[in-house]
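One structure is given below, encoded as structure tokens.
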Ligand SMILES: [Zn+2]
């Protein structure tokens, strides 16, 4: 069967390969892939910048934003043939650390977790994969192809979960305003979940027009392309989804008192700025502000994400998927083209 594989650490080594059927040791549930979403992590792996093959193997099957139909599942798994499922990406570390032992592998403390399609486990960019029932999330069949958005949505479900947990440190903290920086898939899903929580949502991105602008407005949120427009906004929650160092610098200290900044974008090291640490520290201390980072998601977050997608407007979600590429032309999905938001590879 066909799979997209890569030699981790070697740039432009990705290819469409013929691989054996998945081993039973991957899990008792056999899934036939419907679609695969691609993201910046996949591009980073293909460029040789990240990724690890399974122990004893050279190539890694790529892909972590999955969607498939169950073909075979044991009766006790709670899954049945035909169910639409998405695979969880991370697996707990083998020790396990206290977080992984409690099912919060997204908070792994020793870094020895593994991830499908990224770190020491084959991914979902293959025509059939196997998975453990407890790492498969059944989704509402009415979502259809939109279920491929579940994994990126789970990242935001975690970001929101932790934002709200932090917020509860203060009595009666009830956020009213959200600023999201970046209107890519992550930023748009952050904005969607902010609207679902009843917040006044603002999104800052560079584009002056185009599908991202329209999607923000269709949510009932306010779109800004000029950073000076949001200088006085003072949001209660700020979700930084660009990973762009100058944007991150401008976010620090920009919230209302007791504000929470969630950093959700990953950056390359090497960007240096002069920052008035005295002034920034003064603001953070006197305002009880929090800046925290958030990555990955555990099973509870995938369930929260499945609920969020089930409640969302399906036409709006469909507009996020701006390009669909057949498996034979998989490499086109990894190109960045104007107007792209979420690009997916069709396996059927
Ligand atoms: Zn761990």
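The values are calculated or read from the model by the stated rules, or taken from the named source; none is laboratory data. All figures in this text were calculated on a predicted structure; none of them were measured in a lab. Cβ coordinates were reconstructed from backbone atoms using ideal geometry, including for glycine residues, and neighbour counts include every protein chain displayed.
I need the full set of residues from region 282-323 which are without any contact (Cβ under 8 Å) to a residue 60 or more places away in the chain and in contact with a strand residue (DSSP E or B) (Cβ under 9 Å, 6 or more places away or on another chain), in order please.
Listed by number, the residues that qualify are 284, 289, 291, 293, 323.
Of all residues being within 8 Å of the ligand (Cβ to nearest atom) and not in a helix (DSSP H, G or I) in region 97-113, which is farthest from the chain's Cα centre (by Cα)? Just the residue, please.
97
State all residues of region 285-298 that are closer than 21 Å to residue 105 by Cα and surrounded by fewer than 17 Cβ atoms within 10 Å (Cβ to Cβ); if no residue qualifies, say none.
Listed by number, the residues that qualify are 292, 293, 295.
Restricting attention to region 130-146, report how many residues are away from the ligand (no atom under 16 Å from the Cβ) and under 28 Å from residue 316 (Cα atoms).
Of the residues in region 130-146, 11 are away from the ligand (no atom under 16 Å from the Cβ) and under 28 Å from residue 316 (Cα atoms).
Can you name the residue in region 115-129 that is surrounded by fewer than 19 Cβ atoms within 10 Å (Cβ to Cβ) and outside any loop (DSSP other than H, G, I, E, B) and is also nearest to the ligand (Cβ to nearest atom) among such residues?
That would be 120.
Select, from 34, 38, the only residue that is farther than 23 Å from residue 113 by Cα, in contact with a strand residue (DSSP E or B) (Cβ under 8 Å, 6 or more places away or on another chain) and crowded, with 17+ Cβ neighbours inside 10 Å.
Numbers: 38 fails: farther than 23 Å from residue 113 by Cα.
Just one listed residue meets the conditions, 34.
Report, by residue number, each residue of region 139-161 that is closer than 13 Å to residue 304 by Cα and surrounded by fewer than 19 Cβ atoms within 10 Å (Cβ to Cβ).
Answer for region 139-161, where residues must be closer than 13 Å to residue 304 by Cα and surrounded by fewer than 19 Cβ atoms within 10 Å (Cβ to Cβ): 140, 161.
Before we move on, is residue 22 away from the ligand (no atom under 16 Å from the Cβ), without any contact (Cβ under 8 Å) to a residue 40 or more places away in the chain, part of a loop (DSSP other than H, G, I, E, B) and touching a strand residue (DSSP E or B) at 6+ places or on another chain (Cβ under 9 Å)? Don't jump to the end; show me each part of the working.
Values: away from the ligand (no atom under 16 Å from the Cβ): yes; without any contact (Cβ under 8 Å) to a residue 40 or more places away in the chain: no; part of a loop (DSSP other than H, G, I, E, B): yes; touching a strand residue (DSSP E or B) at 6+ places or on another chain (Cβ under 9 Å): yes.
Taking the combined requirement at face value, the residue does not satisfy it.
So is residue 76 exposed (fewer than 15 other Cβ atoms within 10 Å of the Cβ) and either part of a helix (DSSP H, G or I) or in contact with a strand residue (DSSP E or B) (Cβ under 6 Å, 6 or more places away or on another chain) (or both) or not?
Answer is yes for this residue.
Scan region 61-93 for residues that are closer than 27 Å to residue 48 by Cβ and within 16 Å of the ligand (Cβ to nearest atom) and jot them down.
Matches in region 61-93: 88, 89, 90, 91, 93.
Given the structure, is residue 71 surrounded by fewer than 16 Cβ atoms within 10 Å (Cβ to Cβ) and in contact (Cβ under 8 Å) with a residue 40 or more places away in the chain? Write out each step before concluding.
Values: surrounded by fewer than 16 Cβ atoms within 10 Å (Cβ to Cβ): yes; in contact (Cβ under 8 Å) with a residue 40 or more places away in the chain: yes.
Considered against the rule, which asks whether it is surrounded by fewer than 16 Cβ atoms within 10 Å (Cβ to Cβ) and in contact (Cβ under 8 Å) with a residue 40 or more places away in the chain, residue 71 comes out as yes.
Tell me the residue from 285, 295, 343, 291 that is farther than 25 Å from residue 161 by Cα and either at pLDDT 95 or above or assigned to a helix (DSSP H, G or I) (or both), please.
343
Enumerate the pairs (first residue in region 82-101 and closer than 17 Å to residue 31 by Cβ; second residue anywhere and within 7 Å of the ligand (Cβ to nearest atom)) with beta-carbon separation below 9 Å, excluding pairs fewer than 6 apart on the same chain, so at least 6 apart or on different chains.
Pairs found: 88/105; 91/100; 91/105; 91/113.
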